[in-house]
Every structure is written in structure tokens, then in C-alpha cells.
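In what follows, a single structure is set out as C-alpha cells and then discussed.
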Amino acid sequence: MPTTALKLQTTDRVRGIAAALEEEIVLGWLMPRERLVEEDLAERLEVKRHVVREALAELERVGLIERVPNRGAFVKLLDPTEVRQIYSVREALETLAAEQIPMPAPARLLSQLEEIQGAHSAAVASGDARAAFRANMSFHEALFAACGNPHLVELIQAMAQKVHGARSITAASAEHLALARDEHLGMIEAIRAGDRPRLVALCRQHLGPSRDAYIAAVEPRFARSKSVGG
């Protein structure tokens, strides 16, 4: 196989492994501060160790894992203050995008969102957290892409990825999955009705559960740590 083809194949494999590990972090299958051992991951995911190493480097770059000297790689435990700050930026960006979605909306946008949400609703009904996560990502990508500003969309995706780990508390929760489904359906109805204030309010409201559940779960740990350190 030509060298270029091999490089492309390796790159695709690294991206695939990084995406798979990212999903496991989001879904809480890999927990904050859990150690990520290259050899174990390579064996489980049936890839070469160097592929896992590159995938972990990518996840470190986007802030999902951290490397501790002489100890290895760990799922990053996000500081509650950092989570609040990033979610504040996300709220500003995502509501800005919602304000720029054309209304009345093109029929193709509504059709696209309804199709994606059909897959999301089916995943929620069947309890398939991984499929729900993927469909949720697709829904928001399609929704915010409709604002027509690719630079804004890029920032939204980058900020969302930074706090993927904060979703580990709610991403596999049946209650929170159902809430997300209902809010998605509400967004579609708001777009159909041309109700921009409702759409903006739903986009803002949609961010709260994951943020609040994560902060409630980890803030006591940080408080105890600071108390001991003091």
C-alpha cells in the first residue's frame, strides 16, 4: 500500500479511536480521574498502541484528558469554576446562533431536524445512550449550522467539546435523555412557528441540566480538597 494511503488509514483510525473514547467519557463509561493505560486500551479496541497514543494526544489537546508526570494519562476532572465559565461562553454563542437562524425557516431545515430527532427519540426510547449521544450531536450541528456563520459554528463545537466530560453525569440518564428529547422537539416547533424568543430560551435552558448536575456532583470534592490543602 502506498505511503500516503497508509498515513490516511492511520489518521482515520486515530480519529475513530479518539471519537470512541470521547463517547465513553461523555457517557460516564470512563470516569473522571480514571487512568487510561495505552496497552489495555489498544488490546480492548484492537488497534496498535501508537494509534491509542495519538488518540490520547488528540483528547489531551481538546481538554478531555490530562497527563500526570510519572503516572500517565487520566480522564480530566473539570474544575466547577471552569465548567461555569465555559458554559457561560456556550450560552452566549449558542443563543447568538439561535438568533441568526432564518425565519421563516427553509422546509429542508425542518425536514432535516425532524429526521435527526426521529433517530434521537428512537434511541432514547430504546435506552441506547451511545446512539442518543450521536444523534444529539447531529441535531445540534444541523441546528446551529443553520445560522449561516461557519466561524460561529466552529466556536460552538469547540466549546461544547471542552466540557464533554461534564456530561458524564447525565448523558446516560433516562430522565435527562427524555428531557433533551422534549426540548429538541420544542426547538423544532419554535422554528416551525417562527417563534424566535422561544427558540432562544430553549437553547439557553438546554444547557442547564448537564452543567448543574456535574457541578453538584464534583464541587464537594473540590471543596474538600481545598480544605485539606489549606
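The values are calculated or read from the model by the stated rules, or taken from the named source; none is laboratory data. Note that this is a predicted model, so its numbers are computed, not measured. Don't worry about glycine lacking a Cβ; one is built from the backbone with ideal geometry, like all the others, and counts go over all protein chains shown. Calculation scope for accessible area: heavy atoms of the full protein, side chains included, ligands and nucleic acids excluded. Shrake-Rupley method; radii C 1.70, N 1.55, O 1.52, S 1.80 Å.
Do we have any residue at all in the stretch 52-63 that's under 21 Å from residue 138 (Cα atoms), part of a loop (DSSP other than H, G, I, E, B) and either touching a Leu at 6+ places or on another chain (Cβ under 8 Å) or among the β-branched types (Val, Ile, Thr) (or both)? Yes; the residues of the stretch 52-63 include at least one that is under 21 Å from residue 138 (Cα atoms), part of a loop (DSSP other than H, G, I, E, B) and either touching a Leu at 6+ places or on another chain (Cβ under 8 Å) or among the β-branched types (Val, Ile, Thr) (or both). The residues of the stretch 44-81 that are in contact with a Phe, Trp or Tyr (Cβ under 7 Å, 6 or more places away or on another chain) and surrounded by fewer than 18 Cβ atoms within 10 Å (Cβ to Cβ), listed by number, are 66, 68, 79. Based on what the data block shows, is residue 72 on the phi > 0 side of the Ramachandran plot and under 23 Å from the mean Cα position of the chain (by Cα)? So residue 72 fails the test. Note on the stretch 117-136: residues that are open to solvent by 30 Å² or more (accessible area, probe 1.4 Å), modelled with pLDDT of 95 or more and aliphatic (A, V, I, L, M) amount to 3.
Within the stretch 150-180, the residues that satisfy the criterion of being of a type in the set (D, E, K, R) and at pLDDT below 95 are 162, 167, 175. May I ask you to verify whether residue 219 is in the same structural domain as residue 84 (by TED's automatic domain parsing), charged (D, E, K, R) and over 19 Å from residue 94 (Cβ atoms)? So residue 219 passes the test.
Restricting attention to the stretch 177-208 and to residues that are within 20 Å of residue 80 (Cα to Cα) and assigned to a helix (DSSP H, G or I), the residue that is least open to solvent (accessible area, probe 1.4 Å) turns out to be 208.
For the stretch 150-167, the criterion of being surrounded by fewer than 21 Cβ atoms within 10 Å (Cβ to Cβ), in contact (Cβ under 8 Å) with a residue 24 or more places away in the chain and not in a helix (DSSP H, G or I) is met by no residue. Could you tell me whether residue 171 is part of a helix (DSSP H, G or I) and not charged (D, E, K, R)? Judged against the criteria, residue 171 is not a match. Whether a residue is open to solvent by 20 Å² or more (accessible area, probe 1.4 Å) and either in contact (Cβ under 8 Å) with a residue 12 or more places away in the chain or in a loop (DSSP other than H, G, I, E, B) (or both) was assessed, and residue 84 passes this test. Looking only at residues in the stretch 137-149 that are part of a helix (DSSP H, G or I) and modelled with pLDDT of 95 or more, the one that is surrounded by the most Cβ atoms within 10 Å (Cβ to Cβ) is 143. The set of residues from the stretch 13-28 being in contact (Cβ under 8 Å) with a residue 12 or more places away in the chain and open to solvent by 30 Å² or more (accessible area, probe 1.4 Å) comprises 13, 15.
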